[in-house]
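Read-outs: derived from the displayed coordinates by stated rules, not from any lab. Every value quoted in this text rests on a predicted model; they were computed, and no experiment measured them. Because the Cβ atoms are built from the backbone with ideal geometry, glycine has one as well, and the counts that use them run over all protein chains shown.
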Ligand code: PMP
């Protein structure tokens, strides 16, 4: 590798061309601490131009809608219900392409996300937290109401749009396949040459189901794909897994849901297992990503790693965890920008207070 760069990159036409091709990074220090022999790898989506895995979805939904004539430049208004990151991706894509954007999201979503959308030119509408799925004030219901009243407005709808999983099948999964196959050509470690296990924390389920298809279709039919669902959400299968936590609230954003999105129901059987994780496990795992790997990633990345570690230590995962050649990928969906002022995030830095020596040096 040259000292200056890994790849020679061409000049790109816009930030949209910088979406995808995210790095796959060895999480060796975490693997060693947790006693794992397999290759533990993190797919780092925070390097995407607007900061998350959802940039891929926003780009593909907008571009396909343009091709189909659903979006008309200079005329259409894009409305989207989101927990935030799809809204930020859409705000970026629409800033470049010249569409107005209205994002509808819950009060739970961080102020940092709202600021990111607003500075990119989007309008943000907030709905109350903790509504039942039948309420007329949920983010999806309010988005539909706005769409009925605003001329030339379109909801691209990440919860049902096939381009959500498709961008992961064609992009996210393919990039992982290319990386492990390339690594196997001149291996520096034992490797199966395949992606053997994939973990993703789940919101719409687009990442999970799209990557599952991409991996199982042509690359490795026996790849295991494990969904991580937050305690308090109802996405895990079988549904009994969710029951002990029904009504539990959680701080982590971007994952979990109280209705199963069409994107997930369309692919029954693609997901091999589900693991439930709560805030405490996710924050502990996020701390490992921060302190051992230097990765400034989201709470949902902590959830994904927490679920991965739980599964790898379970009856089902133990053999893979102990196998030196197995490639185990954890998707790290976003970065810390959206949560930087959150108390739970600042708490992760608590034992990084200046030492007595440092304080005395400043005081003197
Ligand atoms: N993490 C974060 C931070 C997210 O914003 C999202 C999407 N809401 C996810 C994970 C889950 O991704 P998906 O919608 O593909 O399930």
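Quick one, what does Rg over Rh come out to for the range 82-144 if you take C-alpha atoms and the Kirkwood Rh?
Working: Rg = 11.6 Å, Rh = 11.8 Å.
Using only Cα positions, Rg/Rh for the range 82-144 is 0.99.
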- Item | Helix-only CD estimate at 222 nm, as mean residue ellipticity for the chain, using -39500 (n - 2.57) per DSSP H run (n ≥ 4) | -10500 deg cm²/dmol
- Note on the structure: For residue 47 and residue 118, extending 7 Å from Cα along the Cα-Cβ vector and measuring point to point gives, in nm, a value of 3.2
- Here P(r) for the range 279-331, Cα-Cα distances in 10 Å bins, as whole percents, is 27, 47, 25, 0
- Task: At 0.36 nm per residue, minus the direct Cα-Cα distance, what do residue 111 and residue 150 gain on full extension? Give it in nm, one decimal, please.
- Result: 11.5 nm
- Message: Take residue 66 and residue 346, extend 7 Å from each Cα along the Cα→Cβ direction, and tell me the distance between the two endpoints in nm.
- Response: 4.1
- Prolate/oblate/rounded label for the chain (Cα gyration tensor, a/c 1.5): rounded
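Whole number please: convex hull volume per residue, Cα atoms of the range 73-216, in Å³. Each step should come with its number before you reach the end.
Working: hull volume 21.0 nm³, N = 144.
About 146 Å³ per residue, rounded to a whole number.
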- For each of 52, 303, 100, count neighbouring Cβ atoms within 10 Å of the residue's Cβ, then give the residues from fewest to most. 100, 52, 303
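Once you order the gyration tensor axes a ≥ b ≥ c over the Cα atoms, which shape class does the range 41-134 get: rounded for a/c under 1.5, otherwise prolate or oblate by comparing a/b with b/c?
Numbers: a/c = 1.65, a/b = 1.17, b/c = 1.41.
Oblate is the answer for the range 41-134, as a/c is 1.5 or above yet b/c matches or exceeds a/b.
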- So for 357, 197, 275, 125, fewest C-beta neighbours within 10 Å to most, what's the order? 357, 125, 275, 197
- Over the chain, what relative contact order in percent results from Cα pairs under 8 Å that are six or more residues apart? 19
- Length gained, residue 137-residue 324, 0.36 nm per residue minus C-alpha separation, equals 62.3 nm
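Apply the a/c threshold of 1.5 to the C-alpha gyration tensor of the range 215-311 and tell me whether it is rounded, prolate or oblate. Walk me through the numbers before you get to the answer.
On the way: a/c = 2.06, a/b = 1.17, b/c = 1.76.
It comes out oblate by the Cα gyration axes.
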- Task: Obtain the radius of gyration and the Kirkwood radius of the range 167-256 from its C-alpha atoms and give Rg over Rh.
- Result: 1.08
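Only counting other Cβ atoms within 10 Å, I'd like 26, 346 sorted with the fewest neighbours first.
346, 26
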- Message: Could you tell me how far the Cα centroid of the range 181-202 sits from the Cα centroid of the range 53-84, in Å?
- Response: 33
- Query: Measuring from a point 7 Å past the Cα of residue 13 along Cα-to-C-beta, which residues in the range 146-164 have an amide N at less than 16 Å?
  - Reply: none
